[in-house]
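Structure record follows, encoded as structure tokens.
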Amino acid sequence: MSFLNPILLAGLAAFLIPLIIHLLNKRKVVTVRWGPMHLLHEALRQKKRNVKVEQKLLLAVRISIPILLALCLALPVLSALSQLPGFDKTSLLVLLDNSFSMRAPGTGGTPRDKARNDLRQTLAGLSRGSDASVILAGAPARRLLPQTTTDLESLPTRLENEPSLSGPLALQDAFQLAQAELPKMATAAREVLVVSDFKWSDWRHLSEGGTLPALEGLLKQEHPPLVTFLRAPSDTESNLAVVSVEPSAFVVARGQAIALRARIQNHGPRAYQDVAVHLEANGARMRSTRVSIAPNSESVLTLSHTLDTAGDQAVTVRVEGDSLPDDNAFSVIIPVREQVNCLLVRGKSRSGPLEGATDFLEIALTPHQSAATTLKDVIRTGVVEHQSIRDKSFEGSEVAILANVERLNDRQVQELEEFVQRGGGLVIFAGPDMDLRWYQEKLYNKGKGLLPCSFNGFGHVDEGQTPARILNQRHTHPAITYFNDARGMRLQDAAFTHWLKFDKIEGEARPILNLDRGDALMVEKPLGKGRVIAVASTANAQWSNLPLQPAFVPLMQRVVTYLATQNAAPQSQLCGSVLRASLGTQQAKSNYELKDPASQVKELTPRADRDGVIFVDYADTLVPGIYELKAKDSPGAEVRRFAFNLNPDESNLDPMPEEAIRTMAQRLGATYAASQDEYARLDRTRRHGAEAWQPLLFALIIFLFAEVFLQQRISRA
Amino acid sequence: MAKLSDLLTAEDLVQLTGLPLFARTVMEGFSTGLHASPHKGSSVEFRQHRPYVQGDEIKRLDWKIFGRSDRFYIREFDEETNLRATILLDSSGSMAYRGTKGTIKYEHARKLAAALAYVLTGQQDAVGLVTFDDKLRDFIPCRTKTSHLHHILDTLQRSQPGGETSLATVLKNLASRLKRRGLLMLISDCFDDAERLLQAVGVLRKQGHEIIVFQLWDRDELDFPFSRWARFENMEKTDDALLLDPAAIRQRYLQVLKTFREDLVEGLRRHHADLVPIITDEPLTEAVKAYLALRMRQ
């Protein structure tokens, strides 16, 4: 037997009080010279034996009362009892923060190490027959083991192999998993333990009054579990991180220079001076530079590089100089192509210079060729009249652009649809010669056709009125994000006098750019393996001066390369997401080797999905860096590269104040423990304390009643 | 010489003056007074006829009846006489009890004795005094003179409590010394064996004495108010002591006390004797007056 409040055992000495009072009473006797002694003798003769026994019993009861009270307050734990089978079993569900901020070094180890040690102690403290399960709460949330286990010693070992490189806490997903897991656990005494480093970036939403419906649902169950937040703290606050690397183009031509804009964030109060920044291509260091970053600020630097080999090339920006190296590098994949073919289909021809529907497009897509410079354009354009479209006109092209095309015949439409279904990209510019009824019926076709949306007439600006402009907003579409940077070119300089009013933008269609009059300017819709983008204005200067703006060049280049690379590997992915590579029919015949950033090779076997597309996939992508995929036993085979980076949100190590965590926990119906010791105390009190002191309290009440009863009985004697 | 004011206050005396004391049964007296004498003689008040037995005086024969019925009858008359009252004051050690409120039982007993002597003397009755513990100490025969009262008061003033109680023995001794019948007023706490006491009372009653027992109590003896552990020492014996928790024994003590008092009352009633409880914290004269009022009603 042990005690949770052993200091209160000192109260046992209180048993001396009634004893001393008893002895003092006997000692401090008064002498009474008494007459009717014969009456006293007679009274004593009648009750002498009972009274003496009862008086001794009363003394024993009075001595026992302070002893029982002290024992109650000392919270005895009957550990021997808990060893018996069936006693004190617990089901413990751990929601472990495995976001990579748990790897931040600190005094006494990383939060990850502390959390692991805390869990080891907690699991060791569970009685035999208890079961436990661990849910890794970093995005994407998942179970450590497929089911709960009573082999509690195996869990810490399994956690040793968990690298804690996940993204930000996915609490809602983790608690949803907990909801599904708890009913499978063996005992009714269920407890949910959330172990985290409690960083602002993960918990701010909840701390500022946000809700966690999955936790609320958990606590509304008929037998809700006890929920405890346990902190695994780190004292590291300073951290440098490369949070993004944005290439200037989605795709580059071999030998073409590409600019890489890298953002380096300094989280924390420490200033970094002359920190080395390296640019690496496929793991080999290409060049280095130095940068100084003030506390709590960001530095953006642009590095350029020319890639000489065709194929998917990996480029990494790496910074040196802090103690948490995992987020010091950011990699992107740059598809290097010989060229991207773009077929321009124009409507009615105009005779004047730059009056043709596709004239501006040709210049924008091949600026170097148009300017007769020696630099190389990645895009090669071809121009055809819409009447000239024949079978297999689109073969060899990755992107097709229709500009002010009046209408097409059915055969041409079918050809175009097949092109997009196969993975081609299509851009449709509006124009005054368009047959709107035909477009509505044949190309929109109630949402089933090529057009992403329907039309609802024309928009225009009357004379003297301010022209319509592109709405100034933060762009999320990958083809447009380039224009988010204030230092880039401004799309808002373009003025629109006429435009098509898009309607019924629904289903998979989504607007990419909007006008400030409330109408969409560009709308995108996926179709088959390809995509279609509809533009509400003309590709020449008839309806707007957009083609005259410098921004028109990068805009069109990015739209076209975006469409041309839509089926290529993503530039970069978050660690933990699934690596998936589509394969051609011929490529499906052999197995593949995947080399991860730690140079460990895994063998992958191609599979086919329900649509018959052959692919290989790989889910264990927690380690950031470059993953290389190539056909096995084919020395000269093409290497496909995939970049996986950590979520930059996790780089900010700013911790929540303890009081804020406590308040948040209280609001969410949980208990907060700042350390393992505090949690152990809480846990013991909750799991063991109640079982031992309750019988003692019951006995104490009985003794109190016995005392009153005996006192009354003796006084009546 | 002791004065009445040494024992009784002026207020007591005012209240006691004029209180008549009636004897319920016929007293043998030597002067005519308020009380009927048991001696049948030449009084004017005829009592009864009874058959002649050998030894009766011839002069008391009723010759008229003999003339009518040829049988001898004696003619008896009632005669009024004064009262012979003897105050028996228990002076044993237990009467020295000083209560928690400071009153001493023996002081109260002496006042009572003085008050009774004063009242009886005032109505020309003969008063005597006997003080005793386990044996007779003072014996003052009954007299009617006023100076006799001073003698009694003197004796009361001098007497001090002490020694053991043996009421039964004392009363039996007294029976042999009291030649003439009269009223015996026993002032005592009666802390003796009740059975033996009643036997002695029976003997005295057979001798024709009327007996009134003024049983004296201190409030402590009735309520037993002690709460702390106490050593109870016998006031009459040195080797008798009890160490006990009074609270633990109180209820039982009160039970035994009740039984003791009931037995005594019942026993005295059987012997046609009265028992008047006197409590030291109650006014003395009130108790005497209440008792006398009761006697007059009877």
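Values quoted throughout were computed directly from the atomic coordinates according to the rules given, and no laboratory measurement underlies them. This one's a predicted model, so the numbers in the text were calculated from it and none came from an experiment. Glycine gets a Cβ as well: all are built from the backbone with ideal geometry, and neighbour counts include every protein chain shown.
Results, tabulated for the structure shown:
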quantity	calculated
Cα gyration tensor shape for region A:449-530, rounded if a/c is under 1.5, else prolate or oblate	oblate
Whichever aspartates and glutamates have a C-alpha closer than 13 Å to that of B:Lys145, once near sequence neighbours (fewer than 8 apart) are set aside	B:Asp125
³J(HN,Hα), Karplus 6.51/-1.76/1.60, whole Hz, each residue of region A:138-152, x for Gly, Pro	x, 5, x, 5, 7, 7, 6, 10, x, 8, 5, 9, 9, 7, 5
For B:Leu89, distant residues with modelled amide H under 5 Å away	B:Val130, B:Thr131, B:Phe132, B:Ile187
Modelled FRET efficiency - R0 35 Å, A:Ala568 with A:Glu506, Cβ distances, 0.05 increments	0.80
Loop-located trypsin sites (Lys or Arg not before Pro) in region A:595-646, at most 16 other Cβ atoms within 10 Å (DSSP)	A:Arg610, A:Lys632
Computed helical MRE - 222 nm, chain A, DSSP H runs ≥ 4 contributing -39500 (n - 2.57), nearest 500	-8000 deg cm²/dmol
Rounded to whole Hz, the Karplus (6.51, -1.76, 1.60) HN-Hα couplings of region A:668-683, x for glycine and proline	8, x, 10, 10, 10, 10, 6, 8, 4, 4, 5, 5, 4, 4, 4, 5
Chain A: angle of helix A:690-716 to the longest principal axis, Cα-based, in degrees nearest 10	30 degrees
Label-to-label distance, nm, for residues given as A:Asp235 and A:Leu436 (7 Å Cα→Cβ offset)	7.1 nm
Convex hull projection area averaged over all views, region A:509-643, Cα basis, nm²	11.3 nm²
Gyration tensor verdict on region A:340-564 (Cα atoms; rounded if a/c is under 1.5, prolate if a/b is larger than b/c, oblate otherwise)	rounded
Neighbourhood charge, 12 Å Cβ-Cβ cut-off, centred on A:Leu515 and excluding it, Lys, Arg +1 and Asp, Glu -1	+1
With Cα atoms, 0 to 90° folded angle of helix A:410-421 axis to chain A main axis	40 degrees
Derived scalar couplings ³J(HN,Hα) [region B:121-132; Karplus, 6.51 cos²θ - 1.76 cosθ + 1.60; whole Hz; x for Gly, Pro]	4, x, 10, 6, 8, 7, 10, x, 9, 10, 10, 7
Cα-only radius of gyration and Dmax that characterise region B:239-286, units Å	15.1, 40
Additional length obtainable on full extension of the chain from A:Ala284 to A:Arg580, 0.36 nm per residue less Cα span	104.1 nm
Overall form of region A:573-645 per C-alpha gyration tensor (a/c, 1.5; a/b vs b/c)	oblate
Number of partner chain Cβ atoms within 10 Å, mean per residue of B:90-100	2
Stretchable slack from A:Asp410 to A:Arg128, in nm (0.36 nm times residue separation minus alpha-carbon distance)	94.0 nm
Helix axis angle, A:171-181 relative to chain A longest principal axis, alpha carbon, degrees	60 degrees
Region A:257-319: relative contact order in percent, alpha carbon pairs under 8 Å with at least 6 residues between	46 percent
Relative contact order computed over region A:443-555 (Cα-Cα under 8 Å; 6+ residues apart), in percent	28 percent
Gain on full stretching of the segment that runs from A:Asp620 to A:Ala180 - 0.36 nm per residue minus C-alpha separation	156.0 nm
For chain A: relative contact order, % (alpha-carbon pairs under 8 angstrom, 6 or more apart)	15 percent
Cα convex hull of the protein assembly as shown, projected area averaged across orientations, nm²	80.5 nm²
Computed over region A:239-333, the ratio Rg/Rh where both radii use C-alpha atoms and Rh is Kirkwood	0.99
Number of partner chain Cβ atoms within 10 Å, mean per residue of B:254-263	3
Förster radius 22 Å - calculated FRET efficiency between A:Ala680 and A:Gln221, Cβ distance, rounded to 0.05	0.30
Long pairs among A:Lys52/B:Lys258; A:Lys199/A:Lys602; A:Lys448/A:Lys630; B:Lys237/B:Lys289; A:Lys28/B:Lys237; A:Lys448/A:Lys529, criterion Cα-Cα beyond 26 Å	A:Lys199/A:Lys602; A:Lys448/A:Lys630; B:Lys237/B:Lys289
Separation of the A:Lys56 and B:Asp263 label points, Cα + 7 Å toward Cβ, nm	3.1 nm
Charge dipole magnitude, Cβ of K and R +1, D and E -1 - region A:605-683, Cα centre, debye nearest 20	340 debye
Considering only chain A, percent of DSSP beta bridges that pair antiparallel, nearest 5	65 percent
